[in-house]
Amino acid sequence: MVMSRGVPSGMLAALDGPMHPVMLVYVDWPGGAQRAHSNFGTITWGGHDWTGVGSMGGVTLPGEMTGIASDDGALTLGGLPEVIDDLLSVDPRGSEVLIYFGLTTVRNGTTLVSGPVLAWSGYVDGMVSTEGYEGQEVRSTITLPVVSRASQRLRPAAYHSEADQAAEYPGDTAGRWLTAALARTTTALPKW
C-alpha cells in the first residue's frame with residue numbers, strides 16, 4: 001500500500017535514506033502567532049521564521065479517536081520564568097494549533113528537504129504551568145492540552161463525504177468507510 005497523498009516527492013525520496021525528522025508547531029496565540037520547531041536554530045518556511053526549542057519543548061499528539069469524545073494531546077515548553085511569564089498573561093483556550101512533520105537535510109538541521117506536511121490540527125483546551133528546579137536554577141514549564149475539536153460537547157458531523165473523497169482521489173474507497181463508520185456511530189448512540 002502506498003501512503004503518499006500530500007507528501008512532496010522530495011520528502012518521499014528522503015524517506016528511503018537516513019531521515020532527520022522535525023516537528024513544526026503553529027499556535028494562533030492571543031496577541032500574535034507562535035511558531036516553533038523541535039530542532040535548534042531557526043527554520044524559515046512558509047514566509048515565517050520557526051524558532052527551535054530543542055529539548056525544552058515537547059509534542060504529544062492525540063491518539064486515534066474511537067468514540068465521540070476527543071482524545072487529548074499536549075504541547076509543552078520549558079524555560080526560565082522570565083521567558084515563560086509573558087506567555088502566562090493570556091488565556092489561549094480555543095486557539096488553533098497546526099502540527100507539521102518535516103525532514104531536514106542533516107540531524108538537528110534547519111534546512112528542510114521539502115515543505116513539511118500537516119500531521120494534525122486542533123485547538124488549545126487550556127493551560128497548566130509548573131515550576132521546579134533544574135540544578136540551582138528555577139525552570140518553568142507550560143503545558144497546553146490540545147484536542148481535535150473545540151469542545152467535546154459539539155455535535156459530531158462529517159465534513160468530508162464519500163463524494164468529496166472520490167472526486168479528489170478517484171478509485172479510493174475511504175469515503176465508503178467514513179460513511180459506514182458514521183452510520184455505526186449514529187446507530188450506537190443511546191436513545192433517551
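The values are calculated or read from the model by the stated rules, or taken from the named source; none is laboratory data. All values derive from a computational prediction rather than experimental measurement. Cβ atoms come from the backbone with ideal geometry, glycine included; neighbour counts cover every protein chain shown. For accessibility, only protein heavy atoms count, side chains too; no ligands or nucleic acids. Shrake-Rupley method; radii C 1.70, N 1.55, O 1.52, S 1.80 Å.
Look at the range 82-109: where a residue is under 22 Å from G122 (Cβ atoms) and a partner is open to solvent by 80 Å² or more (accessible area, probe 1.4 Å), sitting 6+ places away or on another chain with Cβ atoms under 7 Å, you get V90/G31; G94/Y123; S95/Y123; E96/Y123; V97/Y123; L98/L118; Y100/L118. Pairs are defined by a Cβ separation below 6 Å, a sequence spacing of at least 6 or placement on different chains, a first member in the range 136-147 that is closer than 14 Å to V97 by Cα and in contact (Cβ under 8 Å) with a residue 24 or more places away in the chain, and a second member that is among the polar types (S, T, N, Q) and open to solvent by 50 Å² or more (accessible area, probe 1.4 Å); the pairs so defined are T143/T76. All of (1) under 18 Å from S114 (Cα atoms); (2) open to solvent by 50 Å² or more (accessible area, probe 1.4 Å); (3) modelled with pLDDT of 70 or more; (4) in contact with a strand residue (DSSP E or B) (Cβ under 6 Å, 6 or more places away or on another chain) hold for P18 with one exception: (4).
Taken over the range 115-130, the residue count meeting the criterion of being open to solvent by 60 Å² or more (accessible area, probe 1.4 Å) and under 10 Å from the mean Cα position of the chain (by Cα) is 2.
For S89, are the conditions met, namely being at pLDDT 70 or above, touching a Leu at 6+ places or on another chain (Cβ under 7 Å) and open to solvent by 40 Å² or more (accessible area, probe 1.4 Å)? For S89, the condition - at pLDDT 70 or above, touching a Leu at 6+ places or on another chain (Cβ under 7 Å) and open to solvent by 40 Å² or more (accessible area, probe 1.4 Å) - is not met.
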